[in-house]
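Asker: Mind having a look at this structure? Questions to follow.
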Amino acid sequence: MSSLRPLHIGDVERLAELVVRSREFLAPWEPVRPESYFRLAGQREAVAQSLKSAASGLMEPFVIVDDDGEVAGWINLNNIVRGPFQSASIGPALPRHRRRVLRPPPLPAPRGLSWGRFPTRPRFGPASASFVATGLAVRCSGQTNGGATGVQMSATSDPEGPSEPRKRILFLFSDTGGGHRSATEAMIEALDLEFPGQFESTKVDFFREYYPKPLKFAPEIYPPISRVPQAWGLSFKVSDGKGRTKVVSELAYPYLRRAAQRLVKENPADLIVSVHPLVNTTLMRAMRKSPRPYITVVTDLVSTHAFWFDRRADLVVVATEEAKAKAIDYGIPEGNLRVIGLPVADRFSEQLLDRDAWREKQGWRTDLPVILLVGGGDGMGPLKRVAKAINEARLSATLVVICGRNTELREDLELLDWHMPVHLYGFTSNMPQFMAASDMLVTKAGPGTISEAFISGLPLVLYARLPGQEDGNVSYVVKERAGVWAPRPREVVEAVKRWVEDPGERARAAAASRRVAKPKAARSIARLIADQVGVGD
């Protein structure tokens, strides 16, 4: 059965493929498009515009995901009107999928609105349909004509009256590394799963959308800085500590005050959730005259910087007991701390129904163990050297490399003379399936990827870390016997060779990985949020 999830920028390549493949089929319902729309750059611009409109509340874009977790179409809630006349229009694009038109699953109402009740579920073809979302019961009748569905609507009084207003949750993150966004999206997903229709969630990249120059360019500055680990480690250690962070915050506040106050004013919320260390003190100081409930969700596993911790936060959520101890050292009362885990998307908890069938669909051999090599969404770290070393070892295994958005890396690897089965991929939104189909993971020591690997039951070979920030991640994985630290390519080869040749040892590391997994962390945090705003009492 197909499902929906919010659109994100990583869907660009797949959407570009779909619009080209389905151009002729969708032509009767689509407006005339310039040729640039059907190219990768055109889709990147279209997706960016959709996400911008979504951030302003004018639309809500979704992609339709098929049974295999692959994007198969897209559908938008457009022209959202709030206030007394609540309305939105639905604009689905449903390409032919395996020789049939894919039908979308039920749509959620726009955040803050209610569809009412549908006695008859509307049916969709490729054409758009308009819906009125009110506190009234809605009757629909659909007539199919040449693949498109017309929808007519009438309204009658709803004896139960309008639904309760949704609680507004503001999530503060920034794309300085992929973990902040993915943690935010996991919590929003969990809120929708645990409390459907009861929350209106807003994501704000505070650096990019509100902070002044040069800080607004932090998401763009982060990748090149993180490629200089010695400088990163030095800045982490020099700035860490209660006294140092206080001095930095005092010096920065006059520069950031107006931006922080505007952020709060333009995003009214019943509760604020932060997943980034560099916004907490500034924002809570900006709210001192009208404070709002505030939860900090720490997205580092062990080596947590002092910037994460401000005593004014109502609750601080950490992933490990080690992080809890640091929080207490930095002045957070133990009663305000919760050890829950890192929020991870629900899909990582789902097992593949037929692992061999999924491998066969990808063209992977089913008789060899699979080594999954990743370097984050941007393909960072010494990924190329590690891939070459594994190849030169001529292991009896399949190598799967996720190059992320690093197209240059993928092109370089495609030119190698490979001595083992290899499959190269760019950025993918199907990491849960890739992990579930693999036997071991070779990766940098990012906290999000480590948490996902734990849930997937994968033994880990960690080949790179950010000094200071990710040191504790390495020691934690090694201490729990869920993986090894292998900072040199030859050490990576030794580790994966050992697991390829000794399935028993590999199984023990996999069991250790599953033992420390916290697959329900996102849902537990969702229930914590709900409790803070009185939902579910």
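Asker: Run Arg481 past the list (1) in a helix (DSSP H, G or I); (2) modelled with pLDDT of 95 or more and report the number of the one that doesn't hold.
Answerer: (1)
Asker: Test Pro333 against the stated conditions and say whether it is under 28 Å from Thr304 (Cα atoms) and free of Cβ contacts under 8 Å to residues at least 24 places away in the same chain.
Answerer: yes
Asker: Across the range 10-62, which residue is nearest to Cys403 (Cα to Cα) among those that are surrounded by 14 or more Cβ atoms within 10 Å (Cβ to Cβ), at pLDDT 80 or above and of a type in the set (S, T, N, Q)?
Answerer: Gln43
Asker: Could you say whether any residue in the range 288-306 is of a type in the set (S, T, N, Q), assigned to a loop (DSSP other than H, G, I, E, B) and not assigned by TED's automatic domain parsing to the domain that holds Glu250? Walk me through how you get there before you give the answer.
Answerer: Of the residues in the range 288-306, the ones of a type in the set (S, T, N, Q) are 290, 296, 299, 303-304.
Pick out the ones that are also assigned to a loop (DSSP other than H, G, I, E, B) and you get 290, 299, 303-304.
Then drop every residue that is not not assigned by TED's automatic domain parsing to the domain that holds Glu250, which leaves none.
Among the residues of the range 288-306, not one is of a type in the set (S, T, N, Q), assigned to a loop (DSSP other than H, G, I, E, B) and not assigned by TED's automatic domain parsing to the domain that holds Glu250, which makes the answer no.
Asker: Looking at Ala530, Ala482, can you tell me which residue is closer than 20 Å to Met435 by Cα and in contact with a Phe, Trp or Tyr (Cβ under 8 Å, 6 or more places away or on another chain)?
Answerer: Details: Ala530 fails: closer than 20 Å to Met435 by Cα.
Residue meeting the stated conditions: Ala482.
Asker: Is it the case that the range 246-261 has a residue that's assigned by TED's automatic domain parsing to the domain that holds Leu337, in contact with an Asp or Glu (Cβ under 7 Å, 6 or more places away or on another chain), within 28 Å of Pro343 (Cα to Cα) and not in a loop (DSSP other than H, G, I, E, B)?
Answerer: Scanning the range 246-261, I find no residue that is assigned by TED's automatic domain parsing to the domain that holds Leu337, in contact with an Asp or Glu (Cβ under 7 Å, 6 or more places away or on another chain), within 28 Å of Pro343 (Cα to Cα) and not in a loop (DSSP other than H, G, I, E, B), so the answer is no.
Asker: Hey, another quick one. Sort out which residues of the range 461-478 are modelled with pLDDT of 95 or more and part of a strand (DSSP E or B), and write them in order of number.
Answerer: Result: Val461, Leu462, Tyr463.
Asker: Same structure again: Output the number of the condition that Leu460 fails; it satisfies all remaining conditions of (1) surrounded by fewer than 24 Cβ atoms within 10 Å (Cβ to Cβ); (2) on the phi < 0 side of the Ramachandran plot; (3) in contact with a Gly (Cβ under 6 Å, 6 or more places away or on another chain).
Answerer: So Leu460 meets the others, but not (1).
Asker: Looking at (1) surrounded by fewer than 15 Cβ atoms within 10 Å (Cβ to Cβ); (2) assigned to a loop (DSSP other than H, G, I, E, B), which one does Gly177 not meet, given that it meets all the others?
Answerer: (1)
Asker: Among the residues of the range 394-415 satisfying the criterion of being part of a helix (DSSP H, G or I) and in contact (Cβ under 8 Å) with a residue 12 or more places away in the chain, which is nearest to Leu368 (Cα to Cα)? Quick ask: steps written out before the conclusion?
Answerer: Narrowing the range 394-415 to residues part of a helix (DSSP H, G or I): 407-414.
Of the ones still in play, those that are also in contact (Cβ under 8 Å) with a residue 12 or more places away in the chain are 407, 409-410, 412-413.
Working: Thr407: 27, Leu409: 25, Arg410: 23, Asp412: 25, Leu413: 21 Å.
Per the stated criteria, the residue is Leu413.
Asker: For the range 271-287, what are the residues that are more than 18 Å from Thr245 (Cβ to Cβ) and either surrounded by fewer than 24 Cβ atoms within 10 Å (Cβ to Cβ) or out of contact with any helix residue (DSSP H, G or I) (no Cβ under 9 Å at 6 or more places or on another chain) (or both)?
Answerer: Leu271, Met287, listed by residue number.
Asker: Still on this structure, I have one more. Would you please name the residue that is surrounded by the most Cβ atoms within 10 Å (Cβ to Cβ), looking only at residues in the range 399-411 that are at pLDDT 90 or above and touching a Ser or Thr at 6+ places or on another chain (Cβ under 9 Å)?
Answerer: That would be Ile402.
Asker: Tell me whether the range 199-211 contains one or more residues that are at pLDDT 95 or above, in contact with a Lys or Arg (Cβ under 9 Å, 6 or more places away or on another chain), outside any strand (DSSP E or B) and over 19 Å from Ser56 (Cβ atoms).
Answerer: no
Asker: Would you point out which residue out of Pro487, Pro519 is assigned to a loop (DSSP other than H, G, I, E, B), of a type outside the set (S, T, N, Q) and closer than 27 Å to Leu395 by Cβ? It would help to see each step written out before you state the result.
Answerer: Details: Pro519 fails: closer than 27 Å to Leu395 by Cβ.
When all the criteria are applied, what remains is Pro487.
Asker: Just to confirm my filter: which helices (runs of 4 or more DSSP H) fall fully inside the range 1-65 and include at least 2 residues that are within 22 Å of Ala186 (Cβ to Cβ), out of contact with any Pro (no Cβ under 9 Å at 6 or more places or on another chain) and of a type outside the set (Phe, Trp, Tyr)?
Answerer: Working: elements: 12-21, 23-26, 40-55.
Correct list: 12-21.
Asker: Any residue in the range 422-443 that is without any contact (Cβ under 8 Å) to a residue 60 or more places away in the chain, of a type outside the set (Val, Ile, Thr) and assigned to a loop (DSSP other than H, G, I, E, B)?
Answerer: Among the residues of the range 422-443, not one is without any contact (Cβ under 8 Å) to a residue 60 or more places away in the chain, of a type outside the set (Val, Ile, Thr) and assigned to a loop (DSSP other than H, G, I, E, B), which makes the answer no.
Asker: Is it fair to say Arg498 is assigned by TED's automatic domain parsing to the domain that holds Val374, over 20 Å from the mean Cα position of the chain (by Cα) and part of a helix (DSSP H, G or I)?
Answerer: Values: assigned by TED's automatic domain parsing to the domain that holds Val374: yes; over 20 Å from the mean Cα position of the chain (by Cα): yes; part of a helix (DSSP H, G or I): yes.
Here the answer is yes, as Arg498 does meet what is asked.
Asker: Determine whether Gly536 is surrounded by fewer than 19 Cβ atoms within 10 Å (Cβ to Cβ) and at pLDDT below 95. Break it down stepwise before answering.
Answerer: Details: surrounded by fewer than 19 Cβ atoms within 10 Å (Cβ to Cβ): yes; at pLDDT below 95: yes.
Yes; evaluated as a whole, the condition is true for this residue.
Asker: Just to be sure I understand, how many residues within the range 202-234 are over 25 Å from the mean Cα position of the chain (by Cα), surrounded by 14 or more Cβ atoms within 10 Å (Cβ to Cβ) and either free of Cβ contacts under 8 Å to residues at least 24 places away in the same chain or not assigned by TED's automatic domain parsing to the domain that holds Asp192 (or both)?
Answerer: Count: 0.
The values are calculated or read from the model by the stated rules, or taken from the named source; none is laboratory data. What you see is a predicted model, and the numbers here were worked out from it, not measured in a lab. Here the Cβ is made from the backbone with ideal geometry for all residues, glycine too, and neighbour counts use every protein chain on show.
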